[in-house]
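Below is one structure, written out as structure tokens; comments come after it.
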Amino acid sequence: MAVHRFGRGPDLVLFHGGMGSWKHWIRNVEALAARFTVHALDHPSYGASATVPRETAGPQYLDLVHGLLLELLPGAAPLRFAGFSFGGAIAANLARRLGPRVSHLCLVSPGGFPMRRFGERPIRSYKEAAGDERLFREICRHNLLVNMLSEEASVTEETVDIQVECVRRTRFDSRKVSGGGTLLGDLGALAARGCRIRLLWGERDDSASRPADLRIGEIREAVPGLDLYRIPKAGHWSAYENAPEVNRLLLEFFRGGPEEDPQ
């Protein structure tokens, strides 16, 4: 499992979303690295990481990431986790497995809910491009606006470059985990043991296919007194679309835990 490290300080692990890589946190790592050792992962079969067998099931995948994380960060030093979308389901599950070692868990529009059919998303298939690079970039731009970002101005050529690279290096179906139904049980167990949990959700991350009130409500039931912030002017990928606000909330949340010097 490839890991991209930045900064020095207490350990903070970043888990990316589906069809992504560590670059889902490209606008966050610098700010976080000012106070933490940031470990931005490429999950197995994403980015620069090795490929897992195509038939790997969701529970097997979670077992694999757990084992690889323990190889990367052995011992008992405290950990802080932040997970986006697919990575939110992974982060919550691993936090539950690692027990009190994980002191803080911040989720950004997490996956991991039970698989249900809501409204359809008008995404386009990448296969439609059939080797046409211009058309492939056009499809990436379209899908970013449908699924990830809320404004045309947010989708720059650099943004499309990230999406093109991430899509081409994706070799696992994240729905096996994002639709695996592990999130709410994991959060309930974490809340019961006193893990600090914060939820960030873009104000514009709300649609027939991803109903915000329903999903946030289910998390509230699992986590009494949920620490929730809606991110203004942001869709699903709020850590990118409104990075200054997300960075502020991440730093505020992760400060003051184990091994942090008070300031």
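Results, tabulated for the structure shown:
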quantity: For the chain, diffusion coefficient by Stokes-Einstein and Kirkwood Rh (Cα), 20 °C, 1.002 mPa s, µm²/s; calculated: 116
quantity: Fraction of accessible area attributable to carbon and sulfur, the range 161-227 (%, probe 1.4 Å); calculated: 45
quantity: Pairwise Cα inverse-distance average, inverted: Kirkwood Rh of the range 31-128 (Å); calculated: 15.4
quantity: Heavy-atom accessible area order for Glu245, Glu71, largest first, 1.4 Å probe; calculated: Glu71, Glu245
quantity: Of every Cα-Cα pair in the range 180-263, the percent that sits beyond 20 Å; calculated: 43
quantity: Compactness relative to 2.2 N^0.38 Å, alpha carbon Rg of the range 44-85; calculated: 1.31
quantity: Carbon/sulfur fraction of accessible area - the range 1-130, other protein chains in place, 1.4 Å, %; calculated: 56
quantity: Extension gain, Arg134 back to Arg97 (0.36 nm per residue minus Cα-Cα distance, nm); calculated: 8.9 nm
quantity: Share of Cα-Cα pairs in the range 95-246 lying beyond 24 Å, as whole percent; calculated: 40
quantity: Hypothetical label at Asp173: residues of the range 29-56 whose amide nitrogen lies under 17 Å (7 Å Cα-Cβ projection); calculated: 45-46, 52-56
quantity: Average accessible surface area per residue within the chain, 1.4 Å rolling probe, Å²; calculated: 43
quantity: Euclidean distance of C-alpha centroids, the range 174-233 and the range 1-74, integer Å; calculated: 20
quantity: Within-13-Å neighbourhood charge of Ser178 [Cβ basis; K, R +1; D, E -1]; calculated: +4
quantity: Charge dipole (the chain, unit charges on Cβ, about Cα centre) - positive-most of Gly111, Thr170, Leu32; calculated: Gly111
quantity: Extended-chain gain in nm, criterion 0.36 nm per residue less alpha-carbon gap, Ala77 and Lys127; calculated: 13.6 nm
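The values are calculated or read from the model by the stated rules, or taken from the named source; none is laboratory data. Just so we're clear, the structure is a prediction, and the values are computed from it rather than from any experiment. Reconstructed Cβ throughout: ideal geometry from the backbone, glycine too, with neighbour counts over all protein chains shown. We work out accessible area using only protein heavy atoms, side chains counted, and drop any ligands, DNA or RNA first. Shrake-Rupley method; radii C 1.70, N 1.55, O 1.52, S 1.80 Å.
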